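The values are calculated or read from the model by the stated rules, or taken from the named source; none is laboratory data. No experiment lies behind these values; they were computed from the predicted model shown. Virtual Cβ from ideal backbone geometry, glycine too; neighbours counted across all protein chains shown. Accessible surface areas use protein heavy atoms only, side chains included; no ligands, DNA or RNA. Shrake-Rupley method; radii C 1.70, N 1.55, O 1.52, S 1.80 Å.
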Amino acid sequence: MAEATDRASAPLHVDVIVVGAGFAGLYMLHRLRQLGLHAICFEAGAGVGGTWYWNRYPGARCDVESMQYSYSFSEELQQEWQWSERYPSQAEILRYIDHVADRFDLRRDIQLETRVTAAIYDEAGRMWKVSTDHGTEAHAPICIMATGALSAANTPKFPGLDSFEGRWFHTGNWPHEPIDFSGERVAVIGTGSSGIQAIPRVAEQATHLTVFQRTPNYSVPAWNKPLDPEQQAEWKKSYNEHRERARNTRSGILYEYSQRGAFDVSPEERVAEFERRWARGGANFTHAFNDIFVNRAANDEACNFVRDRIRSIVRDPKVAEMLLPHDHAIGTKRICVDTGYFETFNRDNVTLVDVRTTPIEAITPVGIRTSAAEYELDSIIFATGYDALTGALQRIDIRGAGGERLRDKWAQGPRTFLGVMTAGFPNLFLITGPGSPSILTNVIVSIEHHVGWVAECIAHMRAEGFTRMDAAPDAEDAWAEEVQAVASRTLFTQSNSWYMGANIAGKPRVFLPYVGGFQNYTRICQQVAEDGYRGFIFAS
Ligand code: N01
């Protein structure tokens with residue numbers, strides 16, 4: 001599209017602006033085209049893929065199984081694509097997304113290496129005016145933020161980072177050229193999903209690896225393996241039925257959801273069930289009993305099992321003790337899925353440092369100084385996570401009706417109706433926004449739902465001749481209450497997790513996603529639409 005590439009010229013006028021070309025933005029673009037709309041998509045990266053474009057750290061892999069972590073909207077696509085492993089690697093997912101972008105001819109409407117810096121609603125013109133770091137301006141009546149829930153990387157502000165003479169990396173913004181740690185003294189800060197995946201791989205290369213751990217984490221083995229082509233073919237015979245069954249679960253993932261509580265069975269049966277799930281691998285472990293997320297005693301049983309496993313894997317009892325999670329219920333911080341994580345601490349070239357007892361004081365020109373020692377390093381890897389759900393949106397200067405800033409509106413925590421709109425920001429849609437189940441689910445299942453719902457909503461506006469749609473403040477208030485109310489009935493709110501905004505200094509402590517279940521959420525959304533988009537205000 002000639003206009004789109006003509007940067008810094010007159011504003012581009014389109015029907016819809018999409019921000020972000022990850023799984024959400026790509027599918028949104030596809031659906032908008034099907035509506036006959038002219039959309040442009042701005043993407044900060046030099047390629048499509050979002051999370052999977054940026055997260056190229058060693059060991060990066062999805063912990064939802066390949067056969068489920070993919071789009072379902074095209075029968076041809078889901079039949080033709082062949083996955084090679086039980087869990088897809090970052091490289092394989094990126095190949096898949098590139099394939100999707102080509103197959104559906106999406107690239108011609110995507111402007112890469114273009115970061116959206118502002119989106120300002122012009123009330124009089126009923127227009128979103130979007131600016132980018134290239135000086136491009138685009139105007140459209142509708143703007144859709146497909147900016148990702150875990151895309152705003154968090155690099156803690158340790159004093160002295162600028163003075164460090166070695167190399168440093170964030171897992172969420174990894175270089176494209178191969179990084180070789182051979183012969184190096186390397187640090188990893190952070191032991192969440194990213195750290196737990198990277199640590200075993202980096203340990204295989206580095207002369208010495210020092211892991212700086214603030215909170216020990218629960219992790220279950222992945223037991224990744226090549227995918228049997230026959231099994232894959234078998235699954236594909238009834239792909240749509242599998243997809244439909246997944247959509248009717250609380251996480252959009254086909255786990256074995258138990259119908260029994262942890263204390264409905266004998267202690268021996270309970271342990272046997274945990275053992276069976278441990279041997280199978282993956283996050284299926286936390287669904288061993290149906291009360292693990294709501295009953296502390298049931299949860300403790302699962303925690304004790306994992307702690308025993310850690311003790312049996314890690315040979316040095318002192319190191320094993322340091323690795324035992326005690327401060328949170330299993331699953332209330334995102335459960336990790338690993339390949340050889342705890343075993344890595346049996347290697348002679350790996351040291352574990354507990355930064356809760358000996359905090360990092362500074363990064364010096366030669367390494368990291370804690371309150372107890374200085375560690376000389378060649379490279380530092382920050383596996384320190386994200387300003388989740390709100391970060392990517394708040395880094396853009398978004399202003400709604402009357403010039404209200406989203407940052408101000410959300411200063412006490414985000415408020416949305418159904419996670420798809422926030423009152424006072426007309427015609428601004430959010431994909432996987434706060435208040436949606438998104439990151440508690442197979443995110444592609446959520447993305448397909450949110451995108452589909454928004455596309456239908458836009459079709460409704462056009463059919464009815466509406467030019468303006470906004471969330472009603474009372475509907476938004478009720479949803480915000482509901483999001484907190486369902487969370488308070490679980491153990492989630494008791495943990496210092498990124499779900500609670502607890503990982504970012506100064507971020508308000510509210511539970512960010514909707515934990516009431518994907519299947520319940522989609523029913524609510526459907527009901528809202530069937531009731532004539534109850535809770536939304538339209539104008540023409
Ligand atoms: O980030 P995290 P992540 N000093 O926030 C520590 C998805 N994901 O990138 O727990 C010292 O989980 C922090 O410590 P604490 C998945 O949804 C999926 O690993 O806050 N340490 C923690 O240990 C996941 O949940 C996959 O005390 C500091 C770590 O850094 C989400 O992305 C793979 C610190 C951050 O862990 C985020 O995962 C990867 C400080 N100042 C990611 N600040 C798969 O599908 C933070 N930490 C497999």
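Worth pointing out:
- Taking Cα atoms only, the orientation of helix 90-103 departs from the longest principal axis of the chain by about 20 degrees.
- For the range 478-484, Karplus couplings with θ = phi - 60° (6.51, -1.76, 1.60), whole Hz, Gly/Pro x: 5, 5, 4, 5, 5, 4, 6
- Shown here for the range 261-333: trypsin sites (Lys or Arg not before Pro) in loop regions (DSSP other than H, G, I, E, B) with at most 11 other Cβ atoms within 10 Å, namely R315.
- Rough spin-label spacing in nm, given labels placed 7 Å along Cα→Cβ, for R315 and I524: 5.1
- Per residue, the convex hull volume that the Cα atoms of the chain enclose (Å³): 151
- Accessible area (Å², per residue) of the range 174-246, counting only protein heavy atoms and a probe of 1.4 Å: 46
- Relative contact order (%) - the range 161-382, alpha-carbon pairs under 8 angstrom, separation at least six: 37
- Within the assembled protein chains, the solvent-accessible surface assigned to M67 is about 20 Å², based on a 1.4 Å probe.
- Summed residue charge, Cβ within 10 Å of T370's Cβ, Lys/Arg positive, Asp/Glu negative: -2
- Residues in the range 319-353 reached by a label modelled at A373 [backbone nitrogen below 18 Å; 7 Å Cα→Cβ]: 319-323, 345-353
- Charge dipole of the range 105-245 about the Cα centre (unit charges at C-beta), most positive-ward option of T117, T215, S163: T215
- Pairs of lysines in the chain (C-alpha under 19 Å apart; 8 or more residues apart or interchain): 4
- Accessible area per residue in Å² at 1.4 Å probe, computed on the range 452-540: 44
- Close amide H partners of D397, meaning residues 5 or more places away or on another chain with modelled amide H under 5 Å apart, are A118, A119.
- For the range 376-408 versus the range 50-89, the gap between their alpha-carbon centres in whole angstrom: 26
- Using the Cβ of R31 as centre and a radius below 11 Å, the other residues enclosed give a net charge of -1, where K and R count +1 and D and E count -1.
- In degrees, nearest ten, helix 518-530 long axis to first principal axis of the chain (Cα): 10
- Rounded if a/c under 1.5, otherwise prolate or oblate - the range 325-398, Cα gyration tensor axes: oblate
- Whole-percent carbon and sulfur share, accessible surface of the range 161-382, 1.4 Å: 49
- Near A455: Cβ cut-off under 13 Å, other residues only, Lys/Arg at +1 and Asp/Glu at -1. The net charge is 0.
- Only Lys, Arg, Asp and Glu carry charge here, each on its Cβ (+1 for the first two, -1 for the last two); on that basis the chain has a dipole of about 580 debye about its Cα centre.
- Projecting the Cα atoms of N240, V319, P175 onto the charge dipole of the range 161-382, computed from C-beta unit charges around the Cα centre, puts N240 farthest toward the positive end.
- Extending 7 Å from the Cα toward the beta-carbon at both R167 and D300 defines two label points whose distance is 4.7 nm.
- Selection from N427, S66, F263 lying farthest towards where the dipole of the chain points positive, charges on Cβ: F263
- Qualifying GluC sites (Glu not before Pro) in the range 95-176, DSSP loop, other Cβ atoms within 10 Å at most 10: E165
- The simple Förster model, with R0 at 56 Å and r as the Cβ-Cβ distance, assigns R356 and E234 a FRET efficiency of 0.75.
- Simple label model, 7 Å out from Cα along Cβ direction - H176 to E80, nm: 2.5
- Rounded to 10°, Cα long-axis angle of helix 443-464 versus longest principal axis of the chain: 10
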